[in-house]
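The values are calculated or read from the model by the stated rules, or taken from the named source; none is laboratory data. Bear in mind that the values here come from a model prediction, so they are computed numbers and not experimental data. Cβ placement follows ideal geometry from the backbone for every residue including glycine, while neighbour counts extend to all protein chains displayed.
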2 protein chains.
Amino acid sequence: MNLKQYLPFLDWLPAYRREHAVSDLVAAVIVTVMLIPQSLAYALLAGLPAQVGLYASILPLVLYALFGTSRTLSVGPVAVIALMTAAVLAPVAAAGSPEYIAGAVLLGVMSGLMLLVMGILRLGFLANFLSHPVISGFITASGLVIAASQLKHILGVEASGHNLIEIGSSLATNIGHTHLLTMLVGVGALVFLVVSRKWLKPLLAHLGLGARMADLLTKTAPILAVVVTTLLAWGFGLQAQGVGVVGQVPRGLPEFTLPPMEWSLWKQLAVGALLISIVGFVESVSVGQTLAAKRRQRIDPDQELIGLGAANLGAGFSGGMPVTGGFSRSVVNFDAGAETPAAGLFTAIGIALATLLLTPAIAYLPTATLAATIIVAVGTLIDLPALARTWRYSRSDFGAMLVTILLTLLYSVEAGLVAGVALSIGLFLYRTSRPHSAVIGRVPGTEHFRNVLRHHVELCPKVAFLRVDESLYFANARFLEETVMDLITRQPELQDLVLVCPAVNQVDASALESLEAINERLHDAGVRLHLSDVKGPVMDRLKDTALLKKLGGKVYLSAFEAWQALTRPATEAV
Amino acid sequence: MNLKQYLPFLDWLPAYRREHAVSDLVAAVIVTVMLIPQSLAYALLAGLPAQVGLYASILPLVLYALFGTSRTLSVGPVAVIALMTAAVLAPVAAAGSPEYIAGAVLLGVMSGLMLLVMGILRLGFLANFLSHPVISGFITASGLVIAASQLKHILGVEASGHNLIEIGSSLATNIGHTHLLTMLVGVGALVFLVVSRKWLKPLLAHLGLGARMADLLTKTAPILAVVVTTLLAWGFGLQAQGVGVVGQVPRGLPEFTLPPMEWSLWKQLAVGALLISIVGFVESVSVGQTLAAKRRQRIDPDQELIGLGAANLGAGFSGGMPVTGGFSRSVVNFDAGAETPAAGLFTAIGIALATLLLTPAIAYLPTATLAATIIVAVGTLIDLPALARTWRYSRSDFGAMLVTILLTLLYSVEAGLVAGVALSIGLFLYRTSRPHSAVIGRVPGTEHFRNVLRHHVELCPKVAFLRVDESLYFANARFLEETVMDLITRQPELQDLVLVCPAVNQVDASALESLEAINERLHDAGVRLHLSDVKGPVMDRLKDTALLKKLGGKVYLSAFEAWQALTRPATEAV
């Protein structure tokens, strides 16, 4: 049982059948065809040599297949993680230099270790603190930055930078040097990809292919663009005419790589590696959950941390770059009929074959083509309507989203993400520190009590009923103190205060001390504190505490019981 | 109205009468007598020249009287803040050096600015995140460190360090050099203070003084110890015999001081200044609230930030050290009958007179006496039973407390505090990320629904009812997704899932997207999602969202209504 939890392949491998193998193989072929240009393109985006993307698509896939719990997740380089890799490594070394490549290896290893540790400590819940608006804003903004960063390849000019301001100004400076032939290739590829995305599917369907097959074939359009432009570049010697190409790529499988062992570098990359880990995890888990649900399967987020951790360690030690589960590839894998993680193993074999056989051809591949595939791919990441939707629904969520987007676009991806998370946790803590509470009164003639501000209710000037609508813990304990003191200051004739606690699921040590302080202060002010509607588990913990021993008043089962006991003398007097 | 909020003296000054002045003057005299040795001692504790303590007891008191909302809080140097000041400044310069003194000034100014900004932005709630167990553990541990740090003055040896390990090892090295005459003075003062604390009050009461007066006179024992040992030191020329004394103190009022304007120093002290601000604020507000409650008065925590901010700015610009409201002095001020903040103004005048008249005498004051007053004073801070109490009540609170204590004792006050806060926020976030939810079933023959695990209830295999007992927000949205997916995986025949939401006060944008994802995933899995018991305000916000438009099922008023609608066909079939 426990072994199966940590080695999920024990679950599917023993029951693996020939039918599974056929489905998995078909899916693997399609995903491989899709992954070859993607892995090259994302390596380019990360500022790394093209083969690094291929290396990150072999061992990581094998390890995820063994340790991951999603049956259909396609692990490998993805756009946002590639962008983050570039941003984290930028201060360390010049893109493409040996130190830079070593940095990418280290990022993979560190991110792998962090994910593993988080998985073993079952810290998957940490990802919850990346709220939807923040992650959505972050991905939209990253998509825009990625698209902007690829324009230089389309135009064939020099440009650099990690935010829109830097990229924009360096493009503006160099736009005069636009290389027309490069632009022809780039824009051509771009138009082909956009057109095929829009019209290839209906066309194929029209030609008699099934809708699913037509959809899958459409997803392989990038490889077509790659093949055609590579052939053109080779046939017409475009490189000699100034068109940028991928260039010489080492042939063969990746070798075992050790990360650099400089402590200062580890420290410098720590925050970046953590952000890459968390973003990768959140992305991967949400894709995985969506796909698993369609087949009523489940993924285990804590084991996913271990799976992704193993994949990233694998990426690091085999000279790759940080990886995670990608959205579009996973959907294709799923739609193509992948049944088990074996599809991932077969894909790894496919990429391994590519590194053995295709590298001579890849040398001729124009970078403009890769840039075009990136731009088209990130188009799907950009979700501007989400801004309007969030604005309409919640201003505080919108605030966190907007800060994330603006900082990501204009400053850096790390700053955007950190600020967004900090702001949303801050807003959350702020809200929980002000729990809803209401002074309540009796609905005349009944046993019910309602908010005095909203209903016409009976009150007694000497007895106040305060209902607390949330668990009490340190974040709101002091607020309760203030609410109570405010109440007794405003109502000088008060003699009894009943705290009505039907929604209090928990009272932590801070709240207990606050209640004790409230009890004492009320005592000093000549007011007795009572409790009512205390839940069973809360009462169990309170019963041995000083609070109950020193309580000025009593604990009543219900507000009505308190009302009867405390207002009776007054009623009798009338 | 608004002006009175920011200038609270407009509230009491116009109504100030002669009777007030008499009460305030009496209280001020007693507090001044108490504050003179304390301010000298805490300057010593902070590693600063004695006069810095006096300077910090003049202008800050005036400014707090103008801007603070507590009528009886006594602001000035306090033990824990003095210890923190020493810890923050230790890496900056050697104790007592001009750079060190300038650092103390800067800490006062920075802490003042931070408190002011927090007050203006109404960020007083931030202090809520210092949970009671953390602050209590921190103060206990600080008290122990402070007491240990004063032993060197009692023994007349050299020692240094900012945690028990450093202090202990340096004391152990030098204990052979103990100066007997110094120890005689120190131990004498210590015994006198302890004895007077225990027996002076009954003795005075026995001599016919009222209990309150006896209590107040007992509090002035430290000044007696100071006067007697100063006279001894002067009369017998103890300084020449090797007994440490305060030494030459500049005579006269403090002068206007500018903080050093080095940006690197500001950056270096920022975290320390923030911690000093928050600890000072928390201490001060809890004292202020306790005292205000006794007279049914209120303090306004956000305006307290402004009052304390002004006081610290005043401390900085007049060559003082960070200040806050002290517990023991405020209680004495209150008990001595202080009616308005004018008592603080009168105390400031008293201290100003002391700096003009008493400084020649202070030069002979043995530091061993001051150390003895510190040790006795911090004895009241140490609360070891709180550890046992917290352990019994809550293990997670105990964990945060223990970490705070151990780190403060063995590493540093800053690390202890930061780790305690981070751990308690982390534990809190962890708890909120796993909200209570329960699968519920119908209590046979009624309209009530209860947890299936605790009650004998009616169930329908095709319809599940999941009750969520907390508001839904990003921290727990994903947990809900997992709970739901878990449920449908375990119950393959399920056709309808009803989310019962009587305790959901809020659904933020993340939770909304999670609900949409749940709805879609359930749809893919052939299950309809329904909602019931949605509160009015939540429903108002949900009604224009995609969730309700695409909801697979319906929104029912109650679980029972849903039960009737969804299980009817089955019942009819039977």
_Among residues of the stretch A:451-489, those that are closer than 23 Å to B:V504 by Cβ, basic (K, R) and buried (at least 17 other Cβ atoms within 10 Å of the Cβ), counted_ = 1
_Residue that is out of contact with any Phe, Trp or Tyr (no Cβ under 7 Å at 6 or more places or on another chain), farther than 17 Å from B:A82 by Cβ and surrounded by fewer than 22 Cβ atoms within 10 Å (Cβ to Cβ), where the choices are B:A336, B:A343, B:A348, B:A361_ = B:A361
_Positions within the stretch B:474-529 being assigned to a helix (DSSP H, G or I), among the polar types (S, T, N, Q), more than 10 Å from chain A (Cβ to nearest Cβ) and farther than 17 Å from B:L548 by Cβ, in sequence order_ = B:T483
*Could you look through the stretch B:490-504, keep only residues that are surrounded by fewer than 21 Cβ atoms within 10 Å (Cβ to Cβ) and in contact with a helix residue (DSSP H, G or I) (Cβ under 9 Å, 6 or more places away or on another chain), and pick out the one that is farthest from B:E561 (Cα to Cα)?*
B:Q495
*Checking A:A386 against (1) within 14 Å of another protein chain (Cβ to nearest Cβ); (2) under 28 Å from A:K152 (Cα atoms), which single condition isn't satisfied?*
(2)
*Answer from A:G337, A:G288, A:G316 - the residue that is within 14 Å of chain B (Cβ to nearest Cβ), among the small types (G, A, S) and in contact (Cβ under 8 Å) with a residue 12 or more places away in the chain*: A:G288
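Of all residues in the stretch A:546-558, which are within 14 Å of another protein chain (Cβ to nearest Cβ) and in contact with an Asp or Glu (Cβ under 8 Å, 6 or more places away or on another chain)?
Of all residues in the stretch A:546-558, those within 14 Å of another protein chain (Cβ to nearest Cβ) come to A:546-550, A:552.
Those that are within 14 Å of another protein chain (Cβ to nearest Cβ) and in contact with an Asp or Glu (Cβ under 8 Å, 6 or more places away or on another chain): A:A546, A:L547, A:K550.
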*Working only within the stretch A:1-55, note down all residues that are of a type outside the set (D, E, K, R), more than 16 Å from A:T85 (Cα to Cα) and not in a helix (DSSP H, G or I).*
A:M1, A:L7, A:P8, A:L13, A:P14, A:A15, A:Y16
*Return yes or no: is B:G96 buried (at least 24 other Cβ atoms within 10 Å of the Cβ) and either in the same structural domain as B:G325 (by TED's automatic domain parsing) or farther than 23 Å from B:A148 by Cβ (or both)?*
no
*Return yes when B:S437 is within 13 Å of another protein chain (Cβ to nearest Cβ), more than 27 Å from B:P537 (Cβ to Cβ) and touching a residue at least 24 places away in the same chain (Cβ under 8 Å) and no when it is not.*
no
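Any residue that is at the interface with chain B (Cβ under 9 Å from one of its Cβ atoms), within 25 Å of A:H530 (Cβ to Cβ) and touching a helix residue (DSSP H, G or I) at 6+ places or on another chain (Cβ under 8 Å) - is there at least one of those in the stretch A:457-469?
Among the residues of the stretch A:457-469, not one is at the interface with chain B (Cβ under 9 Å from one of its Cβ atoms), within 25 Å of A:H530 (Cβ to Cβ) and touching a helix residue (DSSP H, G or I) at 6+ places or on another chain (Cβ under 8 Å), which makes the answer no.
Let's see how each residue does on (1) over 21 Å from A:A27 (Cβ atoms); (2) touching a helix residue (DSSP H, G or I) at 6+ places or on another chain (Cβ under 8 Å); (3) surrounded by 15 or more Cβ atoms within 10 Å (Cβ to Cβ); (4) not β-branched (V, I, T):
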position: A:V194; (1), (2), (3), (4): yes, yes, yes, no
position: A:H206; (1), (2), (3), (4): yes, no, no, yes
position: A:G210; (1), (2), (3), (4): no, no, no, yes
position: A:T218; (1), (2), (3), (4): no, yes, yes, no
position: A:A221; (1), (2), (3), (4): no, yes, yes, yes
position: A:T229; (1), (2), (3), (4): yes, yes, yes, no
